[in-house]
1. Radius of gyration and Dmax for the range A:68-135's Cα atoms, expressed in Å?
2. State, to one decimal in nm and shortest first, how far the label point of A:Val33 sits from each corresponding label point in the other identical copies (label point: 7 angstrom along Cα-to-Cβ).
3. For the residues A:Ile71, A:Ile404, B:Ile297, what sequence is obtained by ranking on other C-beta atoms within 10 Å, fewest first?
4. Using a label point 7 Å beyond Cα on the Cα-Cβ vector, give me the inter-copy distances for B:Lys222 in nanometres, one decimal, shortest first.
5. What lysines does A:Lys246 reach when the alpha-carbon gap must be under 25 Å and sequence neighbours fewer than 8 apart in one chain are set aside?
6. Output, in nm with one decimal and in ascending order, the distances from the A:Lys54 label point to the matching label points of the other copies (7 Å from Cα along Cα-to-Cβ).
7. Rg and Dmax in Å for the protein assembly as shown, alpha carbons only: what are they?
8. Translational diffusion coefficient of chain B at 20 °C, 1.002 mPa s, Stokes-Einstein with Kirkwood Rh over Cα pairs, in µm²/s as a whole number.
Protein chains: 2
Amino acid sequence: MPSELRANAGDFEDQFLDLLSSKREVSSDVNDVVAEILADVKRRGDQALFDYTKRFDRLELTVDSMRVSAIEVEEAVASCDPESIKALELAAHRITDYHARQKPENLQYTDEVGVQLGHRWTAVQAAGLYVPGGLASYPSSVLMNALPAKVAGVERLVMVVPSPDGVLNPLVLAAASIAGVDEIYRIGGAQAVGALAYGTDTINPVDIIVGPGNAYVAAAKKQVFGTVGIDMIAGPSEILIIADGKNDPRWIAADLLAQAEHDTAAQSILITDDVNFAEAVKQAVDIHLQALSRSEIAGKSWQDHGAIILVDDLEESIALTDRIAPEHLEIAVDEPDAMASKIRNAGAMFLGRYTAEVIGDYVAGPNHVLPTARSARFSSGLSVLDFMKRTSLISCDAQSLKAIGPAAVTLAKEEGLTAHALSVSLRLED
Amino acid sequence: MPSELRANAGDFEDQFLDLLSSKREVSSDVNDVVAEILADVKRRGDQALFDYTKRFDRLELTVDSMRVSAIEVEEAVASCDPESIKALELAAHRITDYHARQKPENLQYTDEVGVQLGHRWTAVQAAGLYVPGGLASYPSSVLMNALPAKVAGVERLVMVVPSPDGVLNPLVLAAASIAGVDEIYRIGGAQAVGALAYGTDTINPVDIIVGPGNAYVAAAKKQVFGTVGIDMIAGPSEILIIADGKNDPRWIAADLLAQAEHDTAAQSILITDDVNFAEAVKQAVDIHLQALSRSEIAGKSWQDHGAIILVDDLEESIALTDRIAPEHLEIAVDEPDAMASKIRNAGAMFLGRYTAEVIGDYVAGPNHVLPTARSARFSSGLSVLDFMKRTSLISCDAQSLKAIGPAAVTLAKEEGLTAHALSVSLRLED
């Protein structure tokens, strides 16, 4: 059974803190293995990739066959259901349109003493995209990770995807093609992360690596961070739904299960002010579970980590939401905007009864890579900004330096940095 | 002697790669000690802080004396040289003005099928600012780390600063006061990072921790990352100066040494097309070194890590700069803007002969916390954005869901996620 909390119960605060601090992930320590693999890839390059791929994916690679050819991609696209291709194209169009609006503006101005100041945004030159193989190989994730890089203006977009026993998901290749990925290599695991970070004879290194992966991939990304940039390490998925009693319980139940079916460690939480509605949702969950292909996973997630919080007044859910800081927040009430404007911490908000969170997973436009594990308190979803960096620009002439230089000399002396002071005072003497 | 490279030499590429990959930092593995301290602070809270502070700073603290009082801050401000206070105020004014222009805009629009989309930026609620004690206690860093948080709208700004033997730098307290820091605690090291991340009875936890520190502080920040956000872990400082022969060699020499005096691991590189100028700069460095208070540090940095690269044509410096991706870049030529526009990777650019990098350390306005160790390839200096996060907003009604929902159902089915498909299809039946 999911846990049930009543906000007016005497022990609510303790129960809520338990919910907040519950560990859902089993962290396996693979750091040493990963460090070895990375060092080996750094040292032996392509040959290390071939060896690990033979061992882990049961696949013999060569310099030529490691890269997925343009013909293979074309054939994969041709083998896909045209309706699925059309759905991907719609998604790609909408994701591109939304992300194009995130492009930051450059800044340039001359201040009151004549100093020219500004900043300039530029794209990273090359980005690597990790795509898991097997069951977790999602075409939608390819679009969500690749398109922000494209919109940012990244010149070289490299995808790695393991192909256990040589099998690749054709729709993943189709998504890569639609997103404009430049190079695809059939490698995975820590070794693929190493290849992207350090480069090999065949694969040029990139500047940033994004995309989801298993514990080995996550550990490898952490270890190469610094040599390259990385995106967030995503935890298990989460949804918080704030719903009054006027919703169709079957809809809300499906939304809770859509999150739960990702992973037994996923978490679905409902906050409502209607005890009968809560009961109806629970029953609808049980009915849905009988018909779902991933009912075992979804059922276990709901049982182990699901929660229903009953509040007297839905206004109470505002403060609770900010403490939970959910990855996904559905607000299924009559005036969702009013409530949304009072909430500070959430990766993405889905407003109104018709806005299923799933719409955001695929076709709404915003990114589905979002902060998990309460990190929406301080971080944001993947965006164009993650593939760009900002350079500050400063320009003084003799006169404007005279206006601000003496203060710099004063502070440099206070900090005991006499070369700093000298660098400015020599120019002031001029 | 600094290394000297000639871009037209046969072994230049090898020498340049050596320069790029040279390790300047001695990485000490303090992870285990730090993990213990953090766990202890999590468990014992204030008492652990008192114990570590007694051990490391030789200072007995209590719940009351741990916090620096408003009166202490006032007294510190009163004890400072008024000229230094005025210099800090000028710097604070200029930093605030520049960073206010970084504030991102919210987004809200309705697309062609009627889906309402957007994003909203909000400030993190509480930020922690680490300030080193002793020699590396820089008032300018307090401004540079605190003011972007203030501009972002962070409601609670908490500073920790160790006070070995009870000594605090009055100008650091003055800078905190000018920047509007809300709480100051006289604690440091990994224990202070733990207190900010987990909270104690006396100190409420924060959402993000920024600011420089020693190896223990850096390791602690890495370990609490996830529980809270952190800024970059900064490496030793660097400057690259592109200069033609028309510069005053004494100015450029002072700029090289201003970077070198930070740390024996700092790096100063000059690229020039004029061999006589290069020689004059070297001589000026040696002359300056005789008069500098930190000549031992600066001299060692210049000897061990300094470099002069001679090119036939300054245009060659563009590609070299992008590979070095320096933290600071001075472009001391006649038309610096033209060259700057061709360079992609640099934390900050200082344009023209009068723009000493030092101006940016103190009073220009842009942040002096900048990406080191080639990370300007993929990351940016500290900004208002680091203290804010973005929430995506999505809103469909029945009609707009009909336009995009079917594609979501198609993709969900392709990905084998039937609860996802159900969540949308139930609403499409309506």
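Coordinate-derived values only; no laboratory data. Bear in mind that the values here come from a model prediction, so they are computed numbers and not experimental data. Positions of Cβ are backbone-derived with ideal geometry, glycine not excepted, and every protein chain shown enters the neighbour counts.
1. Here Rg and the maximum Cα pair distance are 20.8, 65 Å.
2. With the label placed 7 Å along Cα→Cβ, A:Val33 yields 3.2 nm.
3. Least crowded to most crowded, the residues run A:Ile71, B:Ile297, A:Ile404.
4. 1.0
5. A:Lys282, A:Lys342, B:Lys402
6. 6.2
7. 28.0, 87
8. 88
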